[in-house]
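Structure first, commentary second.
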Amino acid sequence: MLTLTKIIQQGQTIGIIGGGQLGQMMALDAKQTGMKVIILDPTPHCPAGQVADDQIVAEYADVKAIEELARRSDVLTYEFENVDLNALRDVADKVYVPQGTHLLYTTKNRIREKTFLRNAGLKTAPFLPVKNRQDLEKAVAEIGYPCVLKTCEGGYDGHGQEILHSDADLAKCAGILSTKDAILEGWVPFKLECSVMVGRNENGAITVFPVSENIHHDEILHISIVPARIAPELQERAKQMAIKIAYAIDLRGILGVEMFVGNDGEIYINELAPRPHNSGHYSIEACNFSQFAIHNRAVCNWPLPKIELLHPVIMVNVLGQHVQGVRKQIPKKPNWHFHDYGKAEIRHNRKMGHVTILTDDFTATLKEIADTHIWDE
Ligand code: AMP
């Protein structure tokens, strides 16, 4: 594996595997900073391809295309966790891959991820691996209802999950069990969901973002409120847990840490995202540096600043069904920051953009959002 003793300079090239909205916002920051950006994505003119210097149009697992990206880049990163690990390993001696492959290997698979977290001394939901119906029945007997069966790999936004309340729900799991290895998790009764972004560079410098309170609809992030409406002591604890994870996993780049604040007042780690995260989008307008800027600085081994929240903020996701309603708000909302990822096809529940609102009054802004009725569905 190539190691780096110098920083990636302005004018050098960041290669990004994946060209969705996360890659797009990474690329926008990198362009502003004076870097060149090449995207690898199978969809021509994908969101990140629209703002990058160039796009290689190829499948994510196309080894030749990853080699070409590596040859043309000074540093290689990715915008999602479903990157082909073998392909990344193969190019790691040809191009600087600061995040390495261990971080991806661990976070790609829910059992490996939860085992790592437990070994690092962090609380998670109780969990057991499940390969078939017999395992499932045993796991349910141990963990109890309610619980949730998830695919170990490849799930997102509630896809590949079944919530189980009683034996009557066991049959619903056949689909998941027929295709993939799974994990059964105990349901954590929580007061609140939150997340923390944490970044670290090759020199070991670390920086942490404020705690975001996250509200989901149908398992998809709907709203983030920052700072989270929890006691300062809990916010500090959440940030310290994210820092602990960053050290334990020897992080490079940015990591999203999703958490539950349990009814028992304890913080449970739900999931890790080895990349920028939807709940960190608020940082573009509300912080001195965005999560994308910190990711780019970290992978280019630039020094990392202390993150300041410049203004309290609410971020609302714009899914396919919200696009028309949100566009009608543009003439009416001078203070809303409208983001649109430029996706060609508008689909139900597809993340199309987001709105960021800096506010001194969360209650009034939440009402303002609700009063549009855009997010009723
Ligand atoms: P995930 O894909 O694991 O982030 O799950 C999506 C959403 O489902 C989370 O944001 C929670 O709202 C809910 N959820 C998932 N797993 C659990 C759990 N073990 N306990 C409570 N809620 C959960």
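The values are calculated or read from the model by the stated rules, or taken from the named source; none is laboratory data. This structure is a prediction, so every number in the text was calculated from the model and none was measured. Glycine gets a Cβ as well: all are built from the backbone with ideal geometry, and neighbour counts include every protein chain shown.
Looking at 111, 183, 176, which one is within 16 Å of the ligand (Cβ to nearest atom), outside any loop (DSSP other than H, G, I, E, B) and at pLDDT below 95?
When all the criteria are applied, what remains is 176.
Yes or no, residue by residue, for (1) surrounded by fewer than 22 Cβ atoms within 10 Å (Cβ to Cβ); (2) farther than 13 Å from residue 75 by Cβ; (3) touching a His at 6+ places or on another chain (Cβ under 8 Å); (4) among the acidic types (Asp, Glu):
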position	(1), (2), (3), (4)
11	yes, no, no, no
26	no, no, yes, no
36	yes, no, no, no
40	no, yes, no, no
48	no, yes, no, no
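Restricting the search to the stretch 276-308, which residues are over 14 Å from residue 254 (Cα atoms) and touching a Phe, Trp or Tyr at 6+ places or on another chain (Cβ under 8 Å)?
Of everything in the stretch 276-308, those that are over 14 Å from residue 254 (Cα atoms) and touching a Phe, Trp or Tyr at 6+ places or on another chain (Cβ under 8 Å) turn out to be 284, 287.
Please work out which residue is surrounded by the fewest Cβ atoms within 10 Å (Cβ to Cβ), limiting yourself to the stretch 186-198 and to residues that are near the ligand (Cβ under 10 Å from one of its atoms) and assigned to a strand (DSSP E or B).
190
Would you pick out the residues in the stretch 128-161 that are at pLDDT 95 or above and aromatic (Phe, Trp, Tyr)?
145
Per-residue answers, yes or no, for (1) part of a helix (DSSP H, G or I); (2) not aromatic (Phe, Trp, Tyr); (3) not assigned by the TED database to the domain that holds residue 353:
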| residue | (1), (2), (3) |
| --- | --- |
| 245 | yes, yes, no |
| 257 | no, yes, no |
| 260 | no, no, no |
| 265 | no, yes, no |
| 270 | no, yes, no |
| 275 | no, yes, no |
| 289 | no, no, no |
| 293 | yes, yes, no |
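Looking for something in a loop (DSSP other than H, G, I, E, B) and either within 16 Å of the ligand (Cβ to nearest atom) or surrounded by 20 or more Cβ atoms within 10 Å (Cβ to Cβ) (or both) - is there at least one such residue anywhere in the stretch 199-208?
Yes, some residue in the stretch 199-208 is in a loop (DSSP other than H, G, I, E, B) and either within 16 Å of the ligand (Cβ to nearest atom) or surrounded by 20 or more Cβ atoms within 10 Å (Cβ to Cβ) (or both).
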